[in-house]
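Read the structure below first, then the notes.
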Amino acid sequence: MPSLRTALLQSSGRPGAVAENLKVLDEAAARAAGAGAGLLVSPELFLTGYAIGDAVPVLAEPADGPGAEAVAEIAVRHGLAVLYGYPERAGERIFNASQLIGPDGTRLANYRKTHLFGCFEQEWFTPGEQTVVQADLDGLRIGLLICYDVEFPENVRAHALAGTDLLLVPTAQMHPFQFVAESVVPVRAFENQMYVAYVNRTGPEGEFEFVGLSCLAGPDGTVRARAGRGEELVLGEVDPEFLAASRAANPYLHDRRPGLYGSLA
């Protein structure tokens, strides 16, 4: 099975300007496709911006809304899958969500962030209730989490047990928590024997300072691609053969003793 070249778009776009952010996404998709990528991953709430305050309910839209339609057009035009973050409206509730669109424009998976970080998110969003959301792409099982979710080892282990091969984590990682990008994410990839694509915003936005450092970490705990602190598009390979060999050599999941862990829940 061939590798899936994965592009990580490290950018904050223009907060509050959906049309401008779609233009940035379209340009990144063109560059990614030109470099042979089959998947483009953008950061948390990329469609609208993160620190948009009172604009959250104004810009929130359904999972099949105009943003999804626009991203589907981008995916089809450039022939690659696209993962984007956005505020999802469902009735009276708003979720911090991410959606994976296939290269044919099909909506493959929609995930609602289950662990909300800080007062800002807790004020505007409802936490999701489904830990494991997956889709199949190019022979790989793709899983979705968002930012703070990956810092809970139970979330990533649930994905490992459900067979996730590549975990996509759009994020809004801010100062002074850069150690998550530098250390936690590669460890999560190793201890769960999967690839993890962690894709961050960058620079100042409202009261926040996003640290960049997006990465693609492999199942051996090494970082296969790493961005700096600024706007950047980086690419890395998700290799199914290497993943299978790594899983065979590292028996974490096989050697688990779940009967000892009941008290943790």
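The values are calculated or read from the model by the stated rules, or taken from the named source; none is laboratory data. In this text the structure is predicted, and so the values were computed from the model without any measurement. Cβ sites come from the backbone with ideal geometry, for glycine too, and all protein chains shown count toward neighbours. In case anyone asks, the SASA skips ligands and DNA or RNA and just uses the protein heavy atoms, side chains included. Shrake-Rupley method; radii C 1.70, N 1.55, O 1.52, S 1.80 Å.
Suppose the filter is out of contact with any Cys (no Cβ under 8 Å at 6 or more places or on another chain), open to solvent by 10 Å² or more (accessible area, probe 1.4 Å) and not in a loop (DSSP other than H, G, I, E, B); does Val58 pass it?
Details: out of contact with any Cys (no Cβ under 8 Å at 6 or more places or on another chain): yes; open to solvent by 10 Å² or more (accessible area, probe 1.4 Å): yes; not in a loop (DSSP other than H, G, I, E, B): yes.
The answer is yes for Val58.
Output the number of the condition that Glu129 fails; it satisfies all remaining conditions of (1) open to solvent by less than 10 Å² (accessible area, probe 1.4 Å); (2) without any contact (Cβ under 8 Å) to a residue 24 or more places away in the chain.
All conditions pass for Glu129, except number (1).
Across the range 243-263, which residue is farthest from Ala37 (Cα to Cα) among those that are among the hydrophobic types (A, V, I, L, M, F, W, C) and open to solvent by 80 Å² or more (accessible area, probe 1.4 Å)? Give the steps one after another, and end with the answer.
Start the filter on the range 243-263 by keeping residues that are among the hydrophobic types (A, V, I, L, M, F, W, C), which leaves 243-245, 248-249, 253, 260.
Then drop every residue that is not open to solvent by 80 Å² or more (accessible area, probe 1.4 Å), which leaves 248, 260.
Details: Ala248: 27, Leu260: 42 Å.
Ranking the candidates gives Leu260 first.
State which residue pairs qualify: first residue within 20 Å of Gly206 (Cα to Cα) and inside the range 95-123, second residue open to solvent by 50 Å² or more (accessible area, probe 1.4 Å) and acidic (Asp, Glu) in any location, beta carbons under 9 Å apart, and separation of 6 or more residues or different chains.
From residues that are within 20 Å of Gly206 (Cα to Cα), the pairs are Phe117/Glu151; Phe120/Glu207.
Look at Ala135 and say whether it is open to solvent by less than 60 Å² (accessible area, probe 1.4 Å) and under 27 Å from Gly230 (Cα atoms). Don't jump to the end; show me each part of the working.
On the way: open to solvent by less than 60 Å² (accessible area, probe 1.4 Å): yes; under 27 Å from Gly230 (Cα atoms): no.
So Ala135 fails the test.
Select from the range 206-223 the residues that are charged (D, E, K, R), closer than 19 Å to Ser11 by Cα and at pLDDT 95 or above and list them in ascending order. Working first, answer last.
Initially, the range 206-223 is screened for residues charged (D, E, K, R), giving 207, 209, 220.
Next cut, closer than 19 Å to Ser11 by Cα only: 207, 209.
Answer for the range 206-223, where residues must be charged (D, E, K, R), closer than 19 Å to Ser11 by Cα and at pLDDT 95 or above: just Glu209.
With Ala81, Ala55, Ala109, Ala72 as the choices, which residue is within 29 Å of Val238 (Cα to Cα), over 14 Å from the mean Cα position of the chain (by Cα) and not aromatic (Phe, Trp, Tyr)? Don't jump to the end; show me each part of the working.
Numbers: Ala81 fails: over 14 Å from the mean Cα position of the chain (by Cα); Ala55 fails: within 29 Å of Val238 (Cα to Cα); Ala109 fails: over 14 Å from the mean Cα position of the chain (by Cα).
Criteria check complete, one pass: Ala72.
Just to verify a result, which residue in the range 184-236, among those that are of a type in the set (Asp, Glu) and over 16 Å from Asp165 (Cα atoms), is surrounded by the fewest Cβ atoms within 10 Å (Cβ to Cβ)?
Initial filter on the range 184-236 (of a type in the set (Asp, Glu)): 191, 205, 207, 209, 220, 231-232.
Now narrow it down to the ones that are over 16 Å from Asp165 (Cα atoms): 205, 207, 209, 231-232.
Values: Glu205: 18, Glu207: 9, Glu209: 13, Glu231: 17, Glu232: 15.
My answer is Glu207.
Arg229 - would you say it is under 18 Å from Val169 (Cα atoms), in a loop (DSSP other than H, G, I, E, B) and among the basic types (Lys, Arg)? Break it down stepwise before answering.
Values: under 18 Å from Val169 (Cα atoms): yes; in a loop (DSSP other than H, G, I, E, B): yes; among the basic types (Lys, Arg): yes.
In short, yes.
Checking the conditions here, which among Ala172, Ala160, Ala181 is of a type in the set (A, V, I, L, M) and out of contact with any Cys (no Cβ under 9 Å at 6 or more places or on another chain)? Before the answer, list the steps.
Values: Ala172 fails: out of contact with any Cys (no Cβ under 9 Å at 6 or more places or on another chain); Ala181 fails: out of contact with any Cys (no Cβ under 9 Å at 6 or more places or on another chain).
The unique qualifying residue is Ala160.
Of the residues Arg77, Arg14, Arg5, which single one is of a type in the set (Lys, Arg), open to solvent by 20 Å² or more (accessible area, probe 1.4 Å), under 25 Å from Asp165 (Cβ atoms) and touching an Asp or Glu at 6+ places or on another chain (Cβ under 9 Å)?
Step by step, each of Arg77, Arg14, Arg5 is checked, and only Arg5 is of a type in the set (Lys, Arg), open to solvent by 20 Å² or more (accessible area, probe 1.4 Å), under 25 Å from Asp165 (Cβ atoms) and touching an Asp or Glu at 6+ places or on another chain (Cβ under 9 Å).
Would you call Pro240 more than 15 Å from the chain's Cα centre (by Cα), more than 16 Å from Leu8 (Cα to Cα), open to solvent by 10 Å² or more (accessible area, probe 1.4 Å) and at pLDDT 95 or above? Spell out how you get there, then give the answer.
Values: more than 15 Å from the chain's Cα centre (by Cα): yes; more than 16 Å from Leu8 (Cα to Cα): yes; open to solvent by 10 Å² or more (accessible area, probe 1.4 Å): yes; at pLDDT 95 or above: yes.
Spelling it out, Pro240 is indeed more than 15 Å from the chain's Cα centre (by Cα), more than 16 Å from Leu8 (Cα to Cα), open to solvent by 10 Å² or more (accessible area, probe 1.4 Å) and at pLDDT 95 or above.
Are there any pairs, at least 6 apart or on different chains, whose C-beta atoms fall under 7 Å, with the first in the range 26-48 and farther than 19 Å from Asp64 by Cα and open to solvent by 30 Å² or more (accessible area, probe 1.4 Å) and the second modelled with pLDDT of 95 or more and part of a loop (DSSP other than H, G, I, E, B), and if so, which?
Ala33/Gly79; Ala33/Leu80
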